[in-house]
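The values are calculated or read from the model by the stated rules, or taken from the named source; none is laboratory data. As the structure is a computational prediction, the values presented were derived from the model and not from experiment. A quick note on method: Cβ atoms are made from the backbone with ideal geometry, for glycine too, and the neighbour counts reach across all protein chains shown.
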């Protein structure tokens with residue numbers, strides 16, 4: 001029997017995954033086309049809505065841990081065959097889409113070099129080392145990296161981290177059987193502190209340290225997945241209690257950030273950890289509020305969380321750090337406010353149907369989120385340079401790029417991935 005059997009999709013997680021992938025797409029769209037600079041009057045709003053790509057990746061780590069733990073709950077990883085089957089299923093899920101994405105990147109580099117001279121710099125860097133580092137999940141973009149990511153696709157760095165977390169899960173599973181979840185959560189936090197200490201204290205960065213420092217958000221997501229799959233209720237909070245708790249954490253982040261400027265370190269470990277805490281708190285609360293509401297008062301309180309959070313955001317947006325960047329409190333408040341929408345996705349019909357309808361597309365995007373994350377950057381980059389070479393208005397280039405990205409992501413996820421999985425199940429799985 002396969003160690004991972006499909007469980008019912010948790011709609012909140014699917015919507016959150018789609019939201020995170022879409023936000024990374026918006027973040028890089030603004031970064032490549034410099035949308036904020038083209039609309040200076042709207043620049044603050046654009047920066048607020050499109051400025052959290054890295055934080056969305058941290059949230060992806062929590063969602064990844066949740067999905068693996070939730071899917072694996074009740075299964076056994078004590079035998080060699082079960083571990084092999086687990087590794088096979090992870091390989092089957094990740095590798096086919098990655099390979100075809102790298103082929104797409106290579107094709108776009110060759111096409112871009114033929115159509116515009118701007119791609120010569122990418123063609124020079126497209127060597128065996130960068131290709132192998134991407135295929136072997138060794139590419140990174142942060143200080144201390146052993147190898148760079150594939151040219152034109154820097155977002156691939158997160159796969160190098162996530163594959164390590166996948167490989168570590170069988171060992172985590174065995175440790176949990178012996179020591180329990182609480183001790184392993186504490187151990188993962190301690191590992192993160194020890195891994196980041198050389199970089200924060202002495203400026204010594206390394207790829208293993210980078211990866212290990214962000215492992216604990218993945219473990220937190222796995223713990224929440226375990227709670228959800230095992231039917232535990234967790235710590236129940238009303239929307240108002242949740243808002244008070246999260247607000248306290250946000251303000252704590254603000255003061256810590258003031259005391260320790262994050263600009264002092266190349267990889268902002270502290271910021272990543274604090275955002276991980278906000279995401280973990282938010283996810284922990286909403287995982288146990290996705291099925292029913294107690295009445296109109298509960299709905300009203302939840303909706304109030306959104307508007308109060310956005311109101312605080314308007315105030316926080318005026319608070320900046322010494323280097324002029326948007327403060328952590330403003331970013332965290334935005335994140336908390338946006339994620340306050342997620343418990344509404346499963347609410348019954350009523351006054352919040354409009355909000356629910358707004359969220360449903362994110363649930364659909366969640367089904368292609370992996371492919372969307374992989375393909376969006378190289379396609380955006382290609383249309384940016386190609387459009388500029390053709391003296392095309394940036395709006396037209398963007399109008400051509402956006403639908404193309406979603407079409408490619410859909411084809412990769414719904415067609416190629418399914419065909420590749422069926423082929424591997426037929427020819428590889430029987431020999432495991």
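Just to be sure, is residue 108 in contact with a helix residue (DSSP H, G or I) (Cβ under 7 Å, 6 or more places away or on another chain), assigned to a helix (DSSP H, G or I) and closer than 30 Å to residue 390 by Cα? Walk me through how you get there before you give the answer.
Details: in contact with a helix residue (DSSP H, G or I) (Cβ under 7 Å, 6 or more places away or on another chain): yes; assigned to a helix (DSSP H, G or I): yes; closer than 30 Å to residue 390 by Cα: yes.
Considered against the rule, which asks whether it is in contact with a helix residue (DSSP H, G or I) (Cβ under 7 Å, 6 or more places away or on another chain), assigned to a helix (DSSP H, G or I) and closer than 30 Å to residue 390 by Cα, residue 108 comes out as yes.
Any residue in the stretch 179-186 that is assigned to a helix (DSSP H, G or I), modelled with pLDDT of 80 or more and out of contact with any helix residue (DSSP H, G or I) (no Cβ under 9 Å at 6 or more places or on another chain)?
Let us first name the residues in the stretch 179-186 that are assigned to a helix (DSSP H, G or I), namely 179, 181-186.
From what's left, modelled with pLDDT of 80 or more: 179, 181-186.
From what's left, out of contact with any helix residue (DSSP H, G or I) (no Cβ under 9 Å at 6 or more places or on another chain): 186.
Scanning the stretch 179-186 turns up at least one residue that is assigned to a helix (DSSP H, G or I), modelled with pLDDT of 80 or more and out of contact with any helix residue (DSSP H, G or I) (no Cβ under 9 Å at 6 or more places or on another chain).
Just to be sure before I move on: is residue 2 modelled with pLDDT under 80, more than 27 Å from residue 276 (Cα to Cα) and touching a helix residue (DSSP H, G or I) at 6+ places or on another chain (Cβ under 8 Å) in the structure I sent?
Values: modelled with pLDDT under 80: yes; more than 27 Å from residue 276 (Cα to Cα): yes; touching a helix residue (DSSP H, G or I) at 6+ places or on another chain (Cβ under 8 Å): yes.
Yes; evaluated as a whole, the condition is true for this residue.
Select, from 108, 104, the only residue that is under 21 Å from residue 137 (Cβ atoms), buried (at least 17 other Cβ atoms within 10 Å of the Cβ) and within 28 Å of the chain's Cα centre (by Cα).
Numbers: 108 fails: under 21 Å from residue 137 (Cβ atoms).
The unique qualifying residue is 104.
Would you be able to tell me the number of residues in the stretch 401-428 that are exposed (fewer than 15 other Cβ atoms within 10 Å of the Cβ), more than 24 Å from the chain's Cα centre (by Cα) and part of a helix (DSSP H, G or I)?
6
Any residue in the stretch 135-143 that is modelled with pLDDT under 95, more than 30 Å from residue 76 (Cβ to Cβ) and in a helix (DSSP H, G or I)?
Going through the stretch 135-143, the residues modelled with pLDDT under 95 turn out to be 135-143.
Now restrict to residues that are more than 30 Å from residue 76 (Cβ to Cβ): 135, 138-143.
Applying the additional criterion that residues be in a helix (DSSP H, G or I) yields 135.
Scanning the stretch 135-143 turns up at least one residue that is modelled with pLDDT under 95, more than 30 Å from residue 76 (Cβ to Cβ) and in a helix (DSSP H, G or I).
Does residue 191 count as assigned to a helix (DSSP H, G or I), touching a strand residue (DSSP E or B) at 6+ places or on another chain (Cβ under 9 Å) and modelled with pLDDT of 90 or more? Give the steps one after another, and end with the answer.
Values: assigned to a helix (DSSP H, G or I): yes; touching a strand residue (DSSP E or B) at 6+ places or on another chain (Cβ under 9 Å): no; modelled with pLDDT of 90 or more: yes.
The answer is no for residue 191.
Looking only at the stretch 402-427, count every residue that is touching a helix residue (DSSP H, G or I) at 6+ places or on another chain (Cβ under 7 Å) and in contact (Cβ under 8 Å) with a residue 40 or more places away in the chain and tell me the total.
Selection size over the stretch 402-427: 10.
Here are 123, 167: which of them is part of a helix (DSSP H, G or I) and either under 28 Å from residue 92 (Cα atoms) or at pLDDT 90 or above (or both)?
On the way: 123 fails: either under 28 Å from residue 92 (Cα atoms) or at pLDDT 90 or above (or both).
After ruling out the rest, the residue left standing is 167.
Looking at the stretch 5-46 only, could you name the residues that are over 18 Å from residue 367 (Cα atoms) and not in a helix (DSSP H, G or I)?
Once the filter is applied, which keeps residues that are over 18 Å from residue 367 (Cα atoms) and not in a helix (DSSP H, G or I), the stretch 5-46 yields 34, 39.
Taking the stated definitions as given, is residue 12 within 24 Å of residue 424 (Cα to Cα) and at pLDDT below 95? Please lay out each step first, then the result.
Numbers: within 24 Å of residue 424 (Cα to Cα): no; at pLDDT below 95: yes.
Answer is no for this residue.
Give me the residue from the stretch 47-90 that is touching a residue at least 12 places away in the same chain (Cβ under 8 Å) and in a loop (DSSP other than H, G, I, E, B) and, out of that set, nearest to residue 217 (Cα to Cα).
Out of the qualifying residues, it is 52.
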